[in-house]
Amino acid sequence: MPGPGELAATGAELAAGVICYGGHPKLELVDNIRCPIEGHYAATDHAITGKVPAFAEAMKRAGKNFTSYVYDADHGFSLNPGTAGYDAAATTLSMHRIFAFLNRTLKTAALA
């Protein structure tokens with residue numbers, strides 16, 4: 001199953017997409033993205049987070065809306081409490097940001 005970034009890169013009619021410590025779509029597919037995307041990444045997850053600047057630059061060049069946050073946490077920081085890598089502070093902050101992003105973008109989409 002594709003993640004939100006990969007789904008957005010198909011050109012699907014989405015109001016918004018949120019990537020939570022997962023990979024982003026291939027850079028050559030950025031032009032297909034039609035919705036704002038927000039990304040939440042772990043500082044210690046170098047394999048994924050290290051690729052975010054290139055994705056952000058590709059989105060910017062294509063005139064696409066992308067905001068990202070990097071948390072001082074491990075991959076999987078918002079999984080269930082007690083799970084390896086869980087971080088309550090990072091989870092709380094990321095959820096507040098995600099809800100605010102979705103609230104903004106979904107209201108805007110509903111008015112369009």
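Please give the helix 88-111 orientation as an angle from the longest Cα principal axis of the chain, in degrees from 0 to 90, rounded to the nearest 10.
The answer is roughly 20 degrees.
Taking N as the number of residues in the chain, what is its alpha-carbon radius of gyration divided by 2.2 N^0.38 Å? It would help to have the intermediate numbers written out before the result.
Numbers: Rg = 14.0 Å, N = 112, 2.2 N^0.38 = 13.2 Å.
Here the answer is 1.06, to two decimals.
If you build the convex hull over the alpha carbons only and average its shadow over all orientations, what do you get for region 1-41? Give it in nm² to one decimal.
On the way: hull surface 10.4 nm².
Seen from a random direction, the Cα hull of region 1-41 projects 2.6 nm² on average.
Under the 0.36 nm per residue contour assumption, what length would be gained going from the current alpha-carbon distance of Leu27 and Glu57 to full extension? Please report the intermediate quantities before stating the final value.
Details: separation 30, 0.36 × 30 = 10.80 nm, distance 0.95 nm.
Here the segment from Leu27 to Glu57 would lengthen by 9.8 nm.
Quick check on packing: order 33-43, 69-79 by the mean number of other C-beta atoms within 10 Å, highest mean leading. Numbers along the way, then the final one.
Numbers: 33-43: 21.6, 69-79: 18.4.
For the peptides 33-43, 69-79, the packing ranking is 33-43, 69-79.
For region 32-93, rounded, prolate or oblate, judged on the Cα gyration tensor with a ≥ b ≥ c (square roots of eigenvalues), a/c < 1.5 rounded, else prolate if a/b > b/c?
Numbers: a/c = 3.12, a/b = 2.12, b/c = 1.47.
Verdict is prolate for region 32-93.
Quick one: with all protein chains in place, what share of the accessible area of the chain is carbon or sulfur, to the nearest percent (1.4 Å probe)?
On the way: 3740 of 6430 Å².
On the chain, the fraction of accessible area on carbon and sulfur atoms equals 58 percent.
What is the Cα convex hull volume of region 60-112 when expressed per residue in Å³?
Values: hull volume 4.9 nm³, N = 53.
Once divided by residue count, the hull of region 60-112 is 92 Å³.
Between His46 and Arg104, what FRET efficiency comes out of the Förster formula 1/(1 + (r/R0)^6) with R0 = 30 Å and r the beta carbon distance, rounded to 0.05? Could the numbers behind the result be given before it?
Details: r = 30 Å, r/R0 = 1.00.
The formula returns an efficiency of 0.50 here.
The values are calculated or read from the model by the stated rules, or taken from the named source; none is laboratory data. Predicted model only: the values in this text are computed from it and were never measured. Note that we place each Cβ from the backbone using ideal geometry, even for glycine, and neighbour counts take in every protein chain shown. Remember, those area values only see protein heavy atoms, side chains included, never the ligands or the DNA or RNA. Shrake-Rupley method; radii C 1.70, N 1.55, O 1.52, S 1.80 Å.
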